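The values are calculated or read from the model by the stated rules, or taken from the named source; none is laboratory data. Just so you know, these numbers come straight off a predicted model, no measurement behind them. Every residue, glycine as well, gets a Cβ built from its backbone with ideal geometry; the counts of neighbours run over all protein chains shown.
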C-alpha cells in the first residue's frame, strides 16, 4: 500500500490534482469560465452605471442630454399632428403648405443637410440604397415587358391551353378518322 499511497499522493496530494490541471490545458474549466464571465459582465455593468450616473453631471449636462433626445420624437409627433390637422382643418393646412411651397430650393437642401448630419450618415446610406434598388427595378422593366409580350403571344397561339405531348397525341387521335364499325353502321342507318 505504500507504493500506491505514494503514487496517489504524487498525483492528488498537496492540495493539487494533476489530472484536473492537465485536462484544463486542453479544455477550459466550465466553472472557472463562468466565474470569469460573470465578473466581466459585472465590471461592464458597473462602468455603464458610472457613465449614466447623474450625480457626476451638472444641471447643464442633464438639460443638454434632454435636448439631444427631443428632435426625433418631436419630428415623429409633428408629422402625426400634420396628418391630423390636414383632416380636421384642411383650409388651415392648405394655407401652411402654400407657405412652404414658397421656400427656395437651396433652403430645403440646407435643411436636408442639417437633418442628415444630425441623424448621421445612416440617413444618406438608406437613401442611396433606396435609389439603387429603384434603379435596378427600372433597369429590369424592358426585360419584364418583353417577357409579358412573349407570354401573351404564347397564350394567343395555344388558345389559352398549354398542351403536353401526350395530350396533343390524344387530340390528334380524336380528330383523325378511323375505321369504326359502329360509327359506320350508324351512318349507314341514318342516311336511309
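Which residue out of 101, 133, 169 is at pLDDT 75 or above and surrounded by 10 or more Cβ atoms within 10 Å (Cβ to Cβ)?
On the way: 101 fails: surrounded by 10 or more Cβ atoms within 10 Å (Cβ to Cβ); 169 fails: at pLDDT 75 or above.
That would be 133, the only listed residue that is at pLDDT 75 or above and surrounded by 10 or more Cβ atoms within 10 Å (Cβ to Cβ).
Go through region 21-33 residue by residue and tally those that are modelled with pLDDT of 80 or more and either in contact with a helix residue (DSSP H, G or I) (Cβ under 7 Å, 6 or more places away or on another chain) or part of a helix (DSSP H, G or I) (or both).
Number of matching residues: 5.
What number of residues in region 1-20 are assigned to a helix (DSSP H, G or I) and modelled with pLDDT under 75?
Count: 12.
Residues in region 108-118: is at least one within 34 Å of the chain's Cα centre (by Cα) and in contact (Cβ under 8 Å) with a residue 12 or more places away in the chain?
Yes, region 108-118 contains a residue that is within 34 Å of the chain's Cα centre (by Cα) and in contact (Cβ under 8 Å) with a residue 12 or more places away in the chain.
Which one is modelled with the lowest pLDDT, of the residues in region 34-68 that are within 27 Å of residue 118 (Cβ to Cβ) and part of a loop (DSSP other than H, G, I, E, B)?
Looking at residues that are within 27 Å of residue 118 (Cβ to Cβ) and part of a loop (DSSP other than H, G, I, E, B), I get 54.
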